[in-house]
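Since every read-out is calculated from the coordinates, none of them should be taken as a lab result. In this text the structure is predicted, and so the values were computed from the model without any measurement. Cβ placement follows ideal geometry from the backbone for every residue including glycine, while neighbour counts extend to all protein chains displayed.
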Amino acid sequence: MKVLVISDTHGNIEHAKMILERIIPLGVTTVLHCGDYVSDARLLEKFYPQVTVHYVYGNCDVGFGGEYSTVVTIEGVSIYMSHGHKYGVKWGDYDEVMIDALAHETRVAVCGHSHEAHLERKQGVLIMNPGSLTMPRDSRYPSYGILELKDGKVIEAKILQIIENNKIVEHPTSNIFRSK
C-alpha cells in the first residue's frame, strides 16, 4: 500500500488535491498530514471520502485542540506522527523525533514544521519530513512524501517535488535513502 505524506499546507490544498487526483487511481487510500492547518486535512477528508486521513496538530493549529503526536499502524507498520515544532527539526536536528519514535516502538517517524524535505535512517528508524506543499524553504518547489508499506515493512520511501507544469520529479533527498 502506498501512503501520501504531506505537511505544512497552510490553507492551500490545491497541490494536495492535484496529487490525490493522480495517485488515488494507483491505489493510494491513506494520507498522513503532519500538521499546520489540520483544517486542510479535514477538507481533504470531505473532498476524498474514499481516503483515510490521519493528522496531527502543528504550531499554527493553536486553539483547535488535539494531539500534537500520535501513532498509526498501516499495513502492519507503526508510524510515529508529529508536526515537529516541539523538536529541533527546524534546525535539522531529528534526534528527538527518533527518540520518541523508538519510545513508541515504531520504526518510522513522519513530521513537518521545517518546510524542508528530509529523509534518513537513523538507529533503525526511518525519518521522513515531506517538506511543504505550499511554502518550501529548501527549494522553490513544493514537496511531499510517499511511503510504500507491505507486510509490516517499508518497501520504499521517497520525496517528490512538483516542478514547472505540475511535473513530478524526485527530490534530491530521496537519493540519500537509497544510498544507505
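A few comments on the model shown:
Here is a yes/no grid of residues against (1) hydrophobic (A, V, I, L, M, F, W, C); (2) more than 21 Å from Tyr141 (Cβ to Cβ):
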position	(1), (2)
Met18	yes, no
Gly76	no, yes
Tyr87	no, yes
Ala103	yes, yes
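- Test for Asp40: is it surrounded by 17 or more Cβ atoms within 10 Å (Cβ to Cβ) and in contact with an Asp or Glu (Cβ under 8 Å, 6 or more places away or on another chain): no
- Pairs are defined by a Cβ separation below 6 Å, a sequence spacing of at least 6 or placement on different chains, a first member in the stretch 30-44 that is within 20 Å of Lys2 (Cα to Cα) and without any contact (Cβ under 8 Å) to a residue 60 or more places away in the chain, and a second member that is surrounded by fewer than 24 Cβ atoms within 10 Å (Cβ to Cβ) and of a type in the set (Ser, Thr, Tyr); the pairs so defined are Thr30/Thr52.
- In this structure, Ser143 does satisfy being within 17 Å of His83 (Cα to Cα) and in contact with a Leu (Cβ under 7 Å, 6 or more places away or on another chain).
- Evaluation of Arg140 against the conditions (1) under 24 Å from Lys17 (Cα atoms); (2) within 16 Å of the chain's Cα centre (by Cα); (3) assigned to a loop (DSSP other than H, G, I, E, B) shows that the sole unmet condition is (2).
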